[in-house]
Amino acid sequence: MTKLWGGRFQKSAESWVDEFGASIGFDQQLVMEDIEGSVAHVTMLGAQGILSAEDVEKILGGLHELKTLAEAGELEFSVANEDIHLNLEKMLTDIIGPVGGKLHTGRSRNDQVATDVHLFLKKRVVEVVDLIEAFQRTILEKAEQHIETIAPGYTHLQRAQPISFAHHLMAYFWMLERDKERFNESMKRIDILPLGAGAMAGTTFPIDREKSAQLLGFSKVYANSMDAVSDRDFIVEFLSNSSLLMTHLSRFAEEIIIWSTDEFKFIELDDAFSTGSSIMPQKKNPDMAELIRGKTGRVYGNLMGLLTVLKGTPLTYNKDMQEDKEGMFDTVHTILGALKIFEGMVRTMTVNKERLKKSVHSDFSNATELADYLATKGMPFREAHEVTGKLVFTCIQRGIYLLDLPLEDMKAESDLIEEDVYEVLKPEAAVSRRNSLGGTGFDQVRLQIEKGKQCL
């Protein structure tokens with residue numbers, strides 16, 4: 001088959017070379033964006049008098065037919081035509097004849113593919129932000145149900161202080177809020193039109209790039225044609241933002257996995273988000289959470305892959321840049337799926353309130369309360385810390401907890417300790433008293449949830 005660019009060549013490549021160099025296997029995902037860009041381009045060419053009204057009408061008719069076929073999944077792509085651009089151009093000429101070749105007037109595949117990817121990410125980022133917000137709403141709903149559910153808080157995965165379970169959930173709300181901000185802010189770099197940059201130096205045709213931008217919904221155009229065709233920063237930024245998002249989801253997934261073990265039993269996942277074992281009938285595995293944790297690595301890999309591709313490419317376009325798309329497509333697919341799964345997983349999970357309550361009454365996470373109690377009575381905090389540590393050690397030796405320790409044993413370490421200490425040591429009191437801004441106190445958690453609602 002004669003290549004659309006083959007006039008200068010006297011010899012055809014072997015079929016396996018064509019297959020290695022072709023991108024149609026994955027860039028066909030840009031079919032709608034490529035057609036959308038072509039419609040705008042030919043409309044602009046007509047408005048500028050570069051193409052006749054008759055030619056524009058024919059080309060637009062052909063593009064409309066291709067769009068209809070694409071929506072029905074009836075387009076057949078060929079490796080021989082390498083990529084989505086040449087495949088569609090060949091199909092267009094098959095439909096409307098040689099006039100289809102005029103569509104490429106004043107543009108190159110270099111600015112064409114860059115335009116397609118900008119269009120693609122503009123749409124996908126909106127989807128990502130919508131799914132983040134849906135997940136945030138689910139977190140808010142679950143948090144409102146568990147403001148006064150007491151849970152152990154951890155540092156170093158060791159019991160630290162009792163907290164509101166809602167407070168723990170809301171930590172992920174704010175992580176997601178930052179993720180959402182990053183994706184929204186990245187639109188400034190995505191919302192720039194490369195079309196009209198040509199291969200790398202612009203074009204001699206009197207095109208109107210601002211008109212093309214208006215037609216395609218871009219707020220501005222690239223100021224430098226070389227930058228326009230070689231810039232992939234916006235994809236790197238998308239992959240970076242996606243990596244941070246997956247970091248947060250993976251951390252949450254790790255906690256979901258831990259909480260659902262028999263050792264913790266803080267939650268139970270819905271059957272729809274769990275799987276069984278082929279050999280152990282009793283098993284209920286948190287596979288979806290594990291998959292999200294695992295898929296985080298592939299998103300990181302896609303980011304590092306593109307950074308590595310770009311680091312040695314001189315200006316402007318190089319074939320290396322064909323490697324920008326598969327990782328991008330894979331990341332989009334991964335994060336959209338992960339957000340949908342996680343939202344459903346959290347919405348349907350059961351929180352074991354009694355298990356959580358029992359856990360905070362069977363540890364030393366209230367030790368800080370005793371140290372604070374002594375400090376409020378005038379004892380220097382470092383001394384209060386030491387006294388509390390000695391009392392904890394006494395409890396450990398006896399196999400009891402601070403609430404079980406007799407008052408006389410406490411007073412043996414400090415006369416400042418009175419009967420009211422037992423009220424202070426209750427986990428519920430420990431949580432409710434922490435009403436500093438952003439703290440786990442019930443009133444602060446309620447305030448935090450209201451702030452979250454305002455963000456949405």
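Worth a mention:
- For region 15-105, average projected area of the Cα convex hull in nm²: 5.7 nm²
- Region 328-427: equivalent-ellipsoid semi-axes (sqrt of 5 x gyration tensor eigenvalues, Cα, Å): 43, 17, 12
- When +1 charges are put on Lys and Arg Cβ atoms and -1 charges on Asp and Glu Cβ atoms, the dipole computed for region 262-381 relative to its Cα centre reaches about 100 debye.
- Relative contact order [Cα under 8 Å, 6+ residues apart], region 359-455, whole percent: 24 percent
- Spin-label zone in region 233-269 - amide nitrogen under 15 Å from a point set 7 Å from the Cα of Phe26 along the C-beta vector: 235-236, 239
- Taking a ≥ b ≥ c as the square roots of the eigenvalues of the alpha-carbon gyration tensor, region 234-306 is classed prolate because a/c is 1.5 or more and a/b outweighs b/c.
- Taking 0.36 nm per residue of separation and subtracting the current Cα-Cα distance, fully stretching the chain between Ser436 and Lys211 would add 75.6 nm.
- Relative contact order of region 126-206: 26 percent, from C-alpha pairs under 8 Å at least 6 residues apart in sequence.
- A full extension of the chain between Val392 and Ala201 corresponds to an added length of 61.4 nm, given 0.36 nm per residue minus the alpha carbon distance.
- Scaled radius of gyration (Cα, divided by 2.2 N^0.38 Å) that region 171-297 gives: 1.65
- Among the listed pairs Lys358/Lys411; Lys102/Lys188; Lys265/Lys377; Lys122/Lys295, those beyond 30 Å (Cα-Cα): Lys102/Lys188; Lys265/Lys377
- Residue-wise HN-Hα coupling along region 40-49, computed from phi with Karplus coefficients 6.51, -1.76, 1.60 (Hz; x: Gly, Pro): 5, 5, 5, 4, 5, 4, x, 4, 8, x
- The phi torsions of region 348-365, fed into the Karplus equation with coefficients 6.51, -1.76 and 1.60 and a -60° offset, translate into couplings of 9, 6, 9, 9, 8, 4, 5, 5, 5, 4, 4, 5, 7, 9, 10, 7, 10, 5 Hz, rounded to whole numbers, with Gly and Pro shown as x.
- Ordering of 150-156, 245-251, 95-101 by packing is 245-251, 150-156, 95-101, highest average first (other Cβ atoms within 10 Å, averaged per residue).
- As a length-normalised measure over Cα pairs under 8 Å and 6 or more apart, the relative contact order of the chain settles at 16 percent.
- Positive-end residue, region 15-105 charge dipole about Cα centroid, Cβ charges, pick of Leu88, Leu63, Val99: Val99
- Each Lys and Arg Cβ is given +1 and each Asp and Glu Cβ -1; about its Cα centre, the chain then shows a dipole of about 440 debye.
- Within the accessible area of the chain (1.4 Å probe), percent carbon and sulfur: 52 percent
- Near the amide H of Leu193, within less than 5 Å, lie the amide hydrogens of Lys220, Val221, Tyr222, all on another chain or at least 5 residues away, with H placed in the peptide plane.
- Computed [θ] at 222 nm, deg cm²/dmol, the chain (DSSP H ≥ 4; -39,500 (n - 2.57); rounded to nearest 500): -20000 deg cm²/dmol
- With the simple spin-label model, which puts each label point 7 Å out from Cα in the Cβ direction, the Ala134 to Leu456 separation comes to 1.3 nm.
- Per residue accessible area in Å² of region 52-117, where ligands, DNA and RNA are left out and the probe is 1.4 Å: 43 Å²
- Computed label-point distance, nm, for sites Lys188 and Thr376 using a 7 Å Cα→Cβ extension: 4.6 nm
- Take the Cα of Glu383, step 7 Å toward its Cβ, do the same at Asp233, and the gap between the two points is 5.9 nm.
- Net +/- balance of residues flanking Lys295 in space, Cβ distance below 15 Å, scoring K and R +1, D and E -1: 0
- Taking Cβ atoms as reference points and 12 Å as the exclusive limit, the residues near Ser250 contribute a net charge of +1, counting Lys and Arg as +1 and Asp and Glu as -1.
- Alpha carbon convex hull of the chain, projected area averaged over orientations, nm²: 29.7 nm²
- Karplus-derived 3J(HN,Hα) values for region 235-244, using 6.51 cos²θ - 1.76 cosθ + 1.60 with θ = phi - 60°, are 6, 4, 5, 4, 5, 5, 4, 5, 5, 5 Hz; glycine and proline are entered as x.
The values are calculated or read from the model by the stated rules, or taken from the named source; none is laboratory data. If you're wondering where the values come from, they're calculated on a predicted model, not measured in any experiment. With ideal geometry, Cβ positions are generated from the backbone for all residues, glycine too; neighbour counts draw on all protein chains shown. What goes into the accessible areas is simple: the full protein's heavy atoms, side chains included, and nothing from ligands, DNA or RNA. Shrake-Rupley method; radii C 1.70, N 1.55, O 1.52, S 1.80 Å.
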